[in-house]
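Take a look at the structure set out below.
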Amino acid sequence: MTQPSDGLRGVSLQPVILGADIGVYALARSFHEAYGVTSIVVAGAALGPVAHSRIVEHEIVGDGHDARQLVDRLLAVAQRLPDRRLVLMANSDWLVRVVVEHRTELEPYYVVPFLSADLLARISDKATFAEICADLDISVPRTFVQTFGDGSPDVVVDLEYPLIAKAASSADYQDVEFAGKKKVFEIATPDELVWLWGALREAGYQGRFVVQELVPGDDTQMRSVTAYVDSRGVTTLLCSAHVLLEEHTPSGLGNPAAMFTYRDDEMLAQAARFLEATGYRGFANFDVKVDPRTGQFRFFEVNPRIGRNNYYVTAAGANPMRFVVDDHVHGLAVEPVVVDTSVLYAVVPHRLLLRYVLDPALAARVRGLIRAKKTAHPLRYRADRSPRRRAYVLAALVNQVRKFRRWYPAVTETGF
């Protein structure tokens, strides 16, 4: 095996990325850092994170939520660029599903570095994920499952309140709309759970919802794991991060806003065991929480893709795009890498972050990384600077302060 390569070996590489959020920009940035290439971004609009960028070329479709329009545009791009080696990426669950479900159309033209449709259906469902983990002796929160659309009665939930409720499949939940919709619900009483079931039925939801015990602890108990499994079934990249602060808006609840990379072999070994046992291929992103009562890792879910905050891996020195290009474009067997460099990744102002990190040891570590200038913000890229880009990054940071003031009032209590 070899180390991840630095060059393209004469290949005319063309990344094509579905979506337009901050994670998409991070992927484009990682490709640009590694190979100096511009990425084509296919979406319904050139949203702020990718707008006015020198490293992105836009392909705008009429409806960015229409799978057929997205696939047709991808095919049109491929026909326009027959001499390029096209690598297709996506970093939201429903877009991964679009790619996997249309693999037979896309694969003649694109590298499609994603898992199979059967495995996607299994592991994207949080209820099935919990069952697989139980079989592998990987700890998950106690879980109950409520099914909708088939007349199933309300499941008897034998858990203490408060508890957590969330869609088993985020792709099934994507287009369901109702007043009070959230990504994750913290349910305080049985009456609140009854209300949620009624709201979902009235909205026509046809999937499953999981109800899980609430593992105590604040945002700093959360962990993130990013992995890449190559086409040979070898896990060639593992990187873990200690979350410091999550978003608290209803639509973004649980998305990390700040974290630092570190190496935790016990947690990484459990993630690798899951990937090997399921025959996984491609990128995976695990959400894990340390149970403060026991110190045990509790695995919440695996995202069948690289994460929205994927740039923390690149910032720590292991650009994930090199792994997929070496695997699928160059056909190289890469020596497995476990990241052990510590870098602070944050999309919020550092001053705001430190208002929330109350543990003295963690706060000291954050300050140390800031003093050492071992920090990263995915949108702050020297090779892509312009007055418009700088203005957008500043506006995004100010907006983060506003959001935390509204949705996480500890900010105002500290006088920020």
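The slack in the chain from Lys183 to Arg371, taken as 0.36 nm per residue of separation less the alpha-carbon distance, amounts to 64.1 nm.
Over the chain, with a Gaussian network built from C-alpha contacts below 10 Å, which listed residue (Leu88, Leu74, Leu119) shows the highest mean-square fluctuation? Checking each option, the largest mean-square fluctuation is seen for Leu119.
3J(HN,Hα) along the stretch 229-238, derived from phi through the Karplus expression 6.51 cos²θ - 1.76 cosθ + 1.60 where θ = phi - 60°, amounts to 10, 7, 5, 8, x, 9, 7, 9, 9, 9 Hz, with x in place of Gly and Pro.
Surface composition of the stretch 346-399: carbon and sulfur make up 55 percent of the accessible area, probe 1.4 Å.
Which shape class applies to the stretch 285-414: rounded if a/c is under 1.5, otherwise prolate when a/b exceeds b/c and oblate if not, where a ≥ b ≥ c are the square roots of the Cα gyration tensor eigenvalues?
Working: a/c = 1.89, a/b = 1.25, b/c = 1.51.
Because a/c hits 1.5 or more and a/b fails to exceed b/c, the stretch 285-414 counts as oblate.
Using every pair of separate Cα atoms, the Kirkwood estimate puts the hydrodynamic radius of the chain at 22.2 angstrom. Taking θ as phi - 60° and the Karplus parameters 6.51, -1.76 and 1.60, the scalar couplings of the stretch 78-83 work out to 4, 5, 6, 10, x, 9 Hz in sequence order, x denoting glycine and proline. Packing around the peptides 235-241, 398-404, taken as the average count of other Cβ atoms within 10 Å per residue, puts them in this order, highest first: 235-241, 398-404.
Can you give the FRET efficiency for Asp83 and Arg122, using 1/(1 + (r/R0)^6), R0 = 51 Å, r = Cβ-Cβ distance, to the nearest 0.05?
Once the sixth-power term is evaluated, E becomes 0.85.
Taking all protein chains as they are arranged and a probe of 1.4 Å, the heavy atoms of Thr294 leave approximately 90 Å² accessible to solvent.
Relative contact order, whole percent, for the chain stands at 17, derived from Cα pairs under 8 Å and 6 or more residues apart. Excluding ligands, DNA and RNA, the accessible surface per residue across the chain is 42 Å² with a 1.4 Å probe. The count of lysine pairs in the chain that are at least 8 places apart or cross chains, and whose C-alpha atoms lie under 25 Å apart, stands at 18.
Efficiency by 1/(1 + (r/R0)^6): what FRET value for Asp21 and Asp158, r their Cβ-Cβ distance, R0 = 35 Å, to the nearest 0.05?
0.40
Note on the chain: with charges restricted to the Cβ of Lys and Arg (+1) and Asp and Glu (-1), its dipole about the Cα centre is near 2120 debye. Note on the stretch 98-241: Kirkwood hydrodynamic radius from all Cα pairs is 17.5 Å, rounded to one decimal.
The values are calculated or read from the model by the stated rules, or taken from the named source; none is laboratory data. Being a predicted model, the structure only gives us computed values, none of them experimental. Cβ: placed from backbone, ideal geometry, glycine included. Neighbour counts: every protein chain shown. The accessibility values were calculated without ligands, DNA or RNA, using every heavy atom of the protein model including side chains. Shrake-Rupley method; radii C 1.70, N 1.55, O 1.52, S 1.80 Å.
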